[in-house]
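Scroll down for the structure; my scribbles are underneath it.
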Amino acid sequence: MTENGYPDKGELDPEQQRQRARDQIEIIREALGPDEIGVALPRDSDSQDFADFEYLYRQRSLLVRDEDVARVLAALSGRAARAEDLVNGLTRLELLGGEDIPDVLDRLDEIVGVGVATPDHVVYVTPGRCCPATEPEEPHTHEPLPSYDPTSEDGAGVFVSVVDTGWHPPAATDPISPWLEGVTGDVETFDKDDIRPYVGHGTFIAGVVRCVAPRTEIRVEGFLPVGGAILESKMIRQLVQALALGPDIISLSAGCTTRGGRPAMGFEVFWEKFLSHVKGTVLVAAAGNDSTRVPFWPAAFPWALSVGAIDAEKKRAGFSNFGSWVDVYALGVDMVNAYPHGTFFTHEPPEPLHQKRVFEGLARWSGTSFSTPLVAGMIAARMSQLGISARTAADQLLAEAQTNAVPGVGPVL
């Protein structure tokens, strides 16, 4: 138990963890189409259990760099065709037969080189094996509102793009969450009598940023409105659109594990062709909630600022990913912020299924999804305080985090 009496987040028994993975995969497959989404299991195992998945992918689709399209098509000898020119540098191919993507990729690795073609991975809001570390919970009545100073000028002149599930406009005028006044974004639609998984995720994240940097301009992009997931090929086009609006900071609480743990090609191309050409802009990305050191992309890229989660005692959260690729850790346990008014029914262990939860504008939630906007808000506040770029502010904060490093955890903000 934590000092405030809550159960430790992420401390599920092994079978609960496995059942949660199965449940969350089914939510994603139902949302994106069960015939559209494949589940790749480890090639060195006989397991047929979705709980052991390595990555999720789009059936019949491959991602290839533009310059490699001709030789990949030649290697496939008429069994694939060009399907979409996604963005400059990236093309999607579609298989014309019923071959399994992992088998095709194994052969292509031998013919044209390892990693020349990759799956069209499924990207999802930071997972506890595919989602936040907990489902949203009602705040306890004794809990104070999030810390918010309405007189603060922190964040003034800074624009943050929250790439997430979308925006709940009533939160901006709700007396319970005055810190969200002026936030804009793609409207998230839902049934208030049966709030679905991941609804409110983007609004909660915008609230975390605003409580740290109250004057920040925020737009919440609704790129993950269906089951909290999107295909890598679609995500990259959406990120390019978000970048075109000129944000100082992109807060991304989503990502994926990949085939063989290799870098996700779509995000590589996004950096090489787009983000690297914009001076000063910083992508802050969640490290994920799998309690593993296996890389989670795009957080694991050296050009992203990856954020893991700690609790109030500065202990690494039981759910947080970790390892040398995680840049910094910040509070991500039992955070309270804005959430729609309505009723939610639980879907995952360890809670009983269909347990009713009634929300009145606030929720308590845990995950690296929420430590990420906390760091984004710190960067925004530092930018406005000192008149510096996001990149410079991020570098300064990372240097301070190194001096505050906690043994057995790492750099902490």
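What do you reckon, is THR216 open to solvent by less than 60 Å² (accessible area, probe 1.4 Å), among the hydroxyl-bearing types (Ser, Thr, Tyr) and farther than 22 Å from VAL358 by Cβ?
Yes.
Scanning for something of a type outside the set (A, V, I, L, M), open to solvent by 40 Å² or more (accessible area, probe 1.4 Å) and touching a strand residue (DSSP E or B) at 6+ places or on another chain (Cβ under 9 Å), does region 386-399 turn up at least one residue?
There is at least one residue in region 386-399 that is of a type outside the set (A, V, I, L, M), open to solvent by 40 Å² or more (accessible area, probe 1.4 Å) and touching a strand residue (DSSP E or B) at 6+ places or on another chain (Cβ under 9 Å).
Can you confirm whether GLY227 is closer than 23 Å to PRO34 by Cα, of a type outside the set (Phe, Trp, Tyr), modelled with pLDDT under 95 and touching a Gly at 6+ places or on another chain (Cβ under 7 Å)? Write out each step before concluding.
On the way: closer than 23 Å to PRO34 by Cα: yes; of a type outside the set (Phe, Trp, Tyr): yes; modelled with pLDDT under 95: yes; touching a Gly at 6+ places or on another chain (Cβ under 7 Å): no.
In short, no.
Quickly run through region 292-316 and pick out the residues that are open to solvent by 60 Å² or more (accessible area, probe 1.4 Å) and either of a type in the set (Gly, Ala, Ser) or closer than 18 Å to ALA376 by Cβ (or both).
Once the filter is applied, which keeps residues that are open to solvent by 60 Å² or more (accessible area, probe 1.4 Å) and either of a type in the set (Gly, Ala, Ser) or closer than 18 Å to ALA376 by Cβ (or both), region 292-316 yields only ALA312.
Grab the strands (runs of 3 or more DSSP E) fully contained in region 45-99, keeping just those with 2 or more residues being within 23 Å of the chain's Cα centre (by Cα) and at pLDDT 95 or above.
Working: elements: 55-65, 80-87, 90-95.
Output list reads 55-65, 90-95.
Listed here are the residues, each with its yes/no results for (1) in contact (Cβ under 8 Å) with a residue 60 or more places away in the chain; (2) part of a helix (DSSP H, G or I).
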{"position": "PHE370", "(1), (2)": "yes, yes"}
{"position": "MET383", "(1), (2)": "yes, yes"}
{"position": "GLU400", "(1), (2)": "no, yes"}
{"position": "GLY408", "(1), (2)": "yes, no"}
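Identify all residues within region 241-251 that are out of contact with any helix residue (DSSP H, G or I) (no Cβ under 7 Å at 6 or more places or on another chain) and either aliphatic (A, V, I, L, M) or closer than 25 Å to GLY33 by Cβ (or both); write none if there are none. Explain how you work it out, then say what you get.
We begin by selecting, within region 241-251, every residue out of contact with any helix residue (DSSP H, G or I) (no Cβ under 7 Å at 6 or more places or on another chain); these are 241-242, 244-247.
Once the filter is applied, which keeps residues that are out of contact with any helix residue (DSSP H, G or I) (no Cβ under 7 Å at 6 or more places or on another chain) and either aliphatic (A, V, I, L, M) or closer than 25 Å to GLY33 by Cβ (or both), region 241-251 yields GLN241, ALA242, ALA244, LEU245.
What do you reckon, is GLY38 assigned to a loop (DSSP other than H, G, I, E, B) and not acidic (Asp, Glu)?
Details: assigned to a loop (DSSP other than H, G, I, E, B): no; not acidic (Asp, Glu): yes.
For GLY38, the condition - assigned to a loop (DSSP other than H, G, I, E, B) and not acidic (Asp, Glu) - is not met.
Tell me which residues, restricted to region 317-334, are at pLDDT below 95 and not in a loop (DSSP other than H, G, I, E, B).
Scanning region 317-334 gives no hits.
Could you list all residues from region 164-185 that are assigned to a loop (DSSP other than H, G, I, E, B), under 23 Å from the mean Cα position of the chain (by Cα) and at pLDDT 95 or above?
Passing the criteria: HIS168, VAL183.
This table checks each residue for (1) touching a Pro at 6+ places or on another chain (Cβ under 6 Å); (2) β-branched (Val, Ile, Thr); (3) surrounded by 12 or more Cβ atoms within 10 Å (Cβ to Cβ).
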{"site": "ASP23", "(1), (2), (3)": "no, no, yes"}
{"site": "ILE28", "(1), (2), (3)": "no, yes, yes"}
{"site": "ALA31", "(1), (2), (3)": "no, no, yes"}
{"site": "VAL39", "(1), (2), (3)": "no, yes, yes"}
{"site": "SER47", "(1), (2), (3)": "no, no, no"}
{"site": "PHE53", "(1), (2), (3)": "no, no, yes"}
{"site": "SER61", "(1), (2), (3)": "no, no, yes"}
{"site": "VAL64", "(1), (2), (3)": "no, yes, yes"}
{"site": "ALA70", "(1), (2), (3)": "no, no, no"}
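Do we have ILE218 as modelled with pLDDT under 95, in contact with a strand residue (DSSP E or B) (Cβ under 6 Å, 6 or more places away or on another chain), aliphatic (A, V, I, L, M) and not in a loop (DSSP other than H, G, I, E, B) here?
In short, no.
Just wondering, is there one or more residues in region 147-165 that are free of Cβ contacts under 8 Å to residues at least 12 places away in the same chain and open to solvent by 10 Å² or more (accessible area, probe 1.4 Å)?
Within region 147-165 (the criterion being free of Cβ contacts under 8 Å to residues at least 12 places away in the same chain and open to solvent by 10 Å² or more (accessible area, probe 1.4 Å)), the answer is yes, since at least one residue qualifies.
Determine, yes or no, whether THR281 is within 24 Å of ALA393 (Cα to Cα), of a type in the set (Val, Ile, Thr) and open to solvent by 10 Å² or more (accessible area, probe 1.4 Å). Spell out how you get there, then give the answer.
Details: within 24 Å of ALA393 (Cα to Cα): yes; of a type in the set (Val, Ile, Thr): yes; open to solvent by 10 Å² or more (accessible area, probe 1.4 Å): yes.
Spelling it out, THR281 is indeed within 24 Å of ALA393 (Cα to Cα), of a type in the set (Val, Ile, Thr) and open to solvent by 10 Å² or more (accessible area, probe 1.4 Å).
Looking at the structure I just gave you, is THR372 buried (at least 21 other Cβ atoms within 10 Å of the Cβ), β-branched (Val, Ile, Thr) and under 22 Å from the mean Cα position of the chain (by Cα)?
Judged against the criteria, THR372 is a match.
For region 30-65, how many residues meet the condition of being hydroxyl-bearing (Ser, Thr, Tyr) and touching a residue at least 12 places away in the same chain (Cβ under 8 Å)?
Count: 3.
The values are calculated or read from the model by the stated rules, or taken from the named source; none is laboratory data. As the structure is a computational prediction, the values presented were derived from the model and not from experiment. As a convention, Cβ positions derive from the backbone with ideal geometry for all residues, glycine included, and neighbour counts pool all protein chains shown. Only protein heavy atoms, including side chains, enter the accessible area calculation; ligands, DNA and RNA are left aside. Shrake-Rupley method; radii C 1.70, N 1.55, O 1.52, S 1.80 Å.
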